[in-house]
Amino acid sequence: MGRAGLRIAAQIAALSAATLVICAAPIYAQSSAESFAAKIRSELARGQLEAALRDAQLAVEDYPHSSLLFRLTGMALDRAGQSAGARSALRRAIALDPGMPKNYFDLALVDLDANRYSDAAAEIKTFLALEPNSAQAHLLLGRADEKLGDASGAADQYKAAIVLAPQMPLVHYALGLAEEHEGKLEEALAAYEREIVYNPGFDGAYWHAGRIDREEGRLAQSEKFYKRAIHLNPDGFEGHYGLGVVLLSEHKPKEAIAQLNRAVAIRLTDVRAHQALAKAYHALEEFGDEQRELLIAEKLRETQATEPEKGNAGNGD
């Protein structure tokens, strides 16, 4: 697989340096190129990556002026984890047909995966200039903007996506994250609640809503959200941790300990969970257990101070 991918990438570079000659192709050639495309699509759909890479190499050798075949080659290389080769193939596809929106969209997906957010944003904007009514493109542009630190711009893109496709999964959730980042908690809560309406099986919207209600002192409602998150995802840290903190605030330390111990079992190195456990044990006057949890939390803090990437990164609560 690796050798095939490298051969494709080398070939793309050679073709990109050559002068593009456009000529009328015979009908049978067009048919054969389309057959290649159909075969590669089928292989990708069935997960036959080695075959897709092999046929992609043959396809671009036989039809070096086919934008479609270069786009499919880029897709195959991307799935093989060869983002540089995928990017080269998709740029070649754009050079061959700059008016094809899908070329820009697929290149943006590759760049998003590679954390090239500025490039991805530019490519999605070009796509939207060609296809302005794509809710998915607005959603992806919002994600790129958020990664670039523009929460306000991200929120605008999510709102544009919602106008076009209000029931699209995760778009209200994404808007909630952007609004929360800007400190607009009630707007974020409303977005999470809309996500729950349209996408009731997604636990993330519940525990995010539960956290906001908890922070605003609406403990009964927060408890309901966290319990629903746990029902949907019993192995999710955020649901158990958040419910434990709510129960502790409700002066139910025994129930809190059960949830917090579950959270610690899921994420052993979370400092906050150990600290919350210490508070729960203190409320029960179980001072030995309290000291144990405080000691664990302190050791974790010391370790994470020297290895910050292994701390509570990714925690949403």
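The numbers here are math on the coordinates, done by the rules we state, and not lab data. Quick caveat: nothing in here was measured; it's all calculated off a predicted structure. Please note: Cβ atoms are built from the backbone with ideal geometry, for glycine as well, and neighbour counts cover all protein chains shown.
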statement: Most exposed first, judged by fewest Cβ atoms within 10 angstrom, M168, M75 run M168, M75
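Based only on other Cβ atoms within 10 Å, what is the fewest-to-most ordering of H282, H274, H251? Don't jump to the answer; show the numbers that get you there.
Values: H282 16, H274 23, H251 8.
So the ranking, lowest neighbour count to highest, is H251, H282, H274.
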Cα long-axis angle, helix 271-283 against the chain (0 to 90 degrees, to the nearest 10): 20 degrees
- prompt: Which residues does a label at D289 reach in the stretch 232-263, if reach means a backbone N under 18 Å from a point 7 Å past the Cα toward the Cβ?
  reply: 240-263
- line: With Cα springs under 10 Å, the Gaussian network model of the chain assigns the largest mean-square fluctuation among D156, D203, D62 to D62
field: Positive-end residue, the chain charge dipole about Cα centroid, Cβ charges, pick of I266, L44, S118
entry: L44
- prompt: Taking N as the number of residues in the chain, what value does Rg over Cα atoms divided by 2.2 N^0.38 Å take?
  reply: 1.29
query: Within the stretch 201-311, how many Lys pairs sit with Cα atoms under 16 Å apart, leaving out pairs fewer than 8 places apart on the same chain?
result: 5
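Please find the FRET efficiency linking K125 to T269, where r is the Cβ-Cβ separation and R0 is fixed at 41 Å, and quote it to the nearest 0.05. If you can, show how the numbers build up before the last one.
Details: r = 40 Å, r/R0 = 0.98.
About 0.55, to the nearest 0.05.
Using a Förster distance of 25 angstrom, determine the FRET efficiency expected from the C-beta separation of A258 and E302, and round it to 0.05.
Numbers: r = 28 Å, r/R0 = 1.13.
Result of the calculation: an efficiency of 0.35.
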message: What is the angle, in °, between the Cα long axis of helix 117-130 and the longest principal axis of the Cα atoms in the chain? Nearest 10 is fine, range 0 to 90.
response: 60 degrees
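Would you work out if the stretch 133-195 is rounded, prolate or oblate? Take a ≥ b ≥ c from the square roots of the eigenvalues of the alpha-carbon gyration tensor; rounded if a/c is under 1.5, else prolate when a/b is larger than b/c, oblate otherwise.
oblate
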